[in-house]
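Asker: Questions regarding the structure given below will be posed in turn.
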Amino acid sequence: MKKQQKKITYQTEEQKEMLHFFIVLVVVIACVISVYFLSKLFVMDKSLFEVSYNNGAINSERAIVGTILNRPEKEYYVFVYDEKATNAVYYSSVSTNYTQNQENALKVYHVDLSSPLNKDYFVGDSGVSNPNAKKVSDFKFKGITLLRIKNGKVEKYIENEASIQKELAVTKKKNS
C-alpha cells in the first residue's frame, strides 16, 4: 500500500486577517442589501422615491441693501422698510399706487430691513440714520426710507412719511 501524503498548508497571520476581513465585508454587504430590499417591500409611500422640481421665481422688485446703487435703470426709487412692521402693508400699497397711477412712473424696488441680509444696515427708530451715504457700506436706516437713485448715486433720501407721500404724489386716506 501506498502511503497517503497529507498536504500541510501554512497560513500566515496576515492571510488569516485578510480572510476574516473578507468574510466580515461580505456579511455587511449582504445585510445592507437585505435591509434595502426589505424596506422597499414595507414602504408603500412612493412619494419618498419621486423627485419633484419647483420652478423658482426671481422677484425683480425686491433688492438687498448691497444692490441699491447698482440696479439696471438710470433712475429709480428704493423703498426701505421693515416688512414685518404693522404698517408694512401700507407702504407696499403706497408703492403700488404710485407705479399704477403715475404716468412715466419710475421703477420702485423694495428693501426689507427685517431680512438677515439687511440687518447690519437697520439701526431702529432710536438709532441714527445716515442720509449722506455715498456708498453701500455707509447706509444706516431707521425705518421707512425712500431713496431716489440717479446714475448710481443717492439723489434724495426721505425718511418722513408725509414727505414720501408728497414725493410719490400719494394722499393717505383717513380711516372713517
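Asker: Starting from residues that are in a helix (DSSP H, G or I) and not polar (S, T, N, Q), keep the ones in segment 105-147 and report whichever is surrounded by the most Cβ atoms within 10 Å (Cβ to Cβ). If you could, list the steps in order and put the result at the bottom.
Answerer: Taking segment 105-147 as the starting set, the residues that turn out to be in a helix (DSSP H, G or I) are 119-121, 136-138.
The next check asks that each one be not polar (S, T, N, Q); those that pass are 119-121, 136, 138.
Working: Lys119: 10, Asp120: 12, Tyr121: 23, Val136: 14, Asp138: 11.
Looking at the filtered set, the residue picked out is Tyr121.
Asker: Here's something else I'd like to know. Return the residues of segment 42-71 that are within 24 Å of the chain's Cα centre (by Cα) and either modelled with pLDDT of 85 or more or surrounded by 10 or more Cβ atoms within 10 Å (Cβ to Cβ) (or both); say none if nothing qualifies. Write out each step before concluding.
Answerer: We begin by selecting, within segment 42-71, every residue within 24 Å of the chain's Cα centre (by Cα); these are 51-71.
Ser60, Glu61, Arg62, Ala63, Ile64, Val65, Gly66, Thr67, Ile68, Leu69, Asn70, Arg71 - these are the residues of segment 42-71 that are within 24 Å of the chain's Cα centre (by Cα) and either modelled with pLDDT of 85 or more or surrounded by 10 or more Cβ atoms within 10 Å (Cβ to Cβ) (or both).
Asker: Is there any pair with a first residue in segment 119-138 that is in contact (Cβ under 8 Å) with a residue 24 or more places away in the chain and a second that is surrounded by 11 or more Cβ atoms within 10 Å (Cβ to Cβ) and outside any strand (DSSP E or B) whose Cβ atoms are under 6 Å apart and which are 6 or more apart or on different chains, and what are they?
Answerer: Tyr121/Val65; Tyr121/Phe139; Phe122/Leu113; Ser129/Lys140; Ser129/Lys142; Ala133/Phe139; Val136/Gly66
Asker: Considering every residue within segment 146-160, establish whether at least one is acidic (Asp, Glu) and at pLDDT below 85. Break it down into steps so the answer makes sense when it comes.
Answerer: First, pick out the residues of segment 146-160 that are acidic (Asp, Glu): 155, 159.
This time we only want the ones that are at pLDDT below 85, so: none.
Among the residues of segment 146-160, not one is acidic (Asp, Glu) and at pLDDT below 85, which makes the answer no.
The values are calculated or read from the model by the stated rules, or taken from the named source; none is laboratory data. Because the structure is predicted, anything quoted here is derived from the model rather than measured. Virtual Cβ from ideal backbone geometry, glycine too; neighbours counted across all protein chains shown.
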